[in-house]
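The structure appears below as structure tokens.
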């Protein structure tokens, strides 16, 4: 005992030791709390192909033929637009394959542009995508799903407005639950419905080929196919036809949004692109040939549901197969878009461009539940406002703008970091050809539809003040940070929000853990 202890007469109390954990406690901890909560790599080559095909083949091939034919003015030029649209998508996908293996991050365009050009440009892409682009695309696909489901119930009239919206919202809510529950279940649904939609298009192609075999191909002969009947389309109208076709091909870059969940992405990402894009282009072209071999241009333009009209004309008593097949196709498209667009929100929050709540994932299912709920809510709101074809024009313009900026970033990144290792390095002719077509298309679109393109630009530019106030401005008053924390951060008793590793104190409760990647 030292002098201080003798004077006070009080012995220093030893520090209490933490109770030793038993083997049972350690086993419970290992079973309930992973050492590192991350998005799992559960997407193989097959699932990667079905994600691309499933996202491309949604509602576009059943909606866009009407818009492409209307703007192109003839059957022949419409088919040319479809083939070239697939070729342009192939060029873009090759560029994205290089970016995907060079910058192996989830988030697609947003992650690449943020890495190459910095925060502001990346935030503008993220802002327009989260605010309008992906919710609108999801809304269009969901409305197409409900229209085709209800078409047999209302055969002689347009399905009621409220019925289509309610059915669409129910579908979105159900698939949001599926994606929150399990990544594996969501990808299995995607696999099954991708096969289903290919079978639906295969049925259309088979029936069309039978019609051609019977000699019903007069409308496809060059003399008739390129007959504009005195109404030759302007260059601007052809550009709008390409925008309509681009909507049908949108989704070719969506595998890049889930790169971190792909098994061996440097191998499987480019292979999935090389398999999927040519297959979709081939199927789309044959599907349009089948439409034009069986329907006159007037019939196609007057139809609200092209595939249903096709089935009613050629399948007789089996015509109900067609709306069911199309509904299943669009159902898979909704699932694919929810899966990938939620990862964009997740990536944006991880970079600090969106509230940190959206960068949280469930520790058991490893799914970004808050991001999925935001995508679901935004889609339902967008679905209740706007008309389908106008929405397609807005989305197609913003889509093409995003693609062009990203592929221009590929060229800049090569100049900026010439010695960076690139597992895939495409010829410079590929991005330059894409950018040339991109510039021509956007220029003519601005000339022919300045209001539509202007609205798209305004939507994107509204993100500038949001970026500087919400992201760039670091020295905000404490009251603003307190407000943001209260409105976007879950209570500690329910959801741990620190970026550090958390231990689940109650193995039976459902916690959300924020993913922190090195």
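Every number here is computed from the coordinates shown, using simple stated rules; none is lab data. Everything numeric here is computed off the predicted structure, so don't read it as measured data. Here the Cβ positions follow ideal geometry from the backbone for every residue, glycine too, while neighbour counts run over all protein chains shown.
Give, in nm to one decimal, the length gained when the segment between residue 381 and residue 416 is fully stretched (0.36 nm per residue of separation minus the Cα-Cα distance).
Extra length available between residue 381 and residue 416 comes to 8.5 nm.
What relative contact order, as a whole-number percentage, does region 340-454 give when Cα pairs under 8 Å and 6 or more residues apart are counted?
17
For a footprinting-style exposure proxy, rank 157, 345 by other Cβ within 10 Å, fewest first.
Going from sparsest to densest Cβ surroundings: 157, 345.
Under a crude label model (7 Å from the Cα following the beta-carbon direction), how far is residue 479 from residue 267 in nanometres?
5.9
If one computes the Cα centroid of region 50-83 and of region 229-275, what distance in Å separates the two points?
Cα centroid to Cα centroid, the span is 11 Å.
So what is the relative contact order of region 38-485, in percent, for Cα pairs below 8 Å that sit 6 or more residues apart?
The value is 35 percent.
To the nearest 0.05, how large is the calculated FRET efficiency for residue 318 and residue 162 if R₀ is 25 Å and r is the Cβ-Cβ distance?
About 0.25, to the nearest 0.05.
Between residue 234 and residue 216, what is the label-to-label distance in nm when each label sits 7 Å out along the Cα-to-Cβ direction?
Once both label points are built, they end up 3.7 nm from each other.
Quickly rank 404-413, 423-432, 168-177 as a protection proxy: mean count of other C-beta atoms within 10 Å, highest first.
Ranked from most to least packed, the peptides come out as 404-413, 168-177, 423-432.
Using the basic label-point model (7 angstrom from Cα toward the beta carbon), what is the residue 471 to residue 199 distance in nanometres?
4.4
Could you tell me the center-to-center distance, by alpha carbons, between region 316-330 and region 135-209 in angstrom?
11
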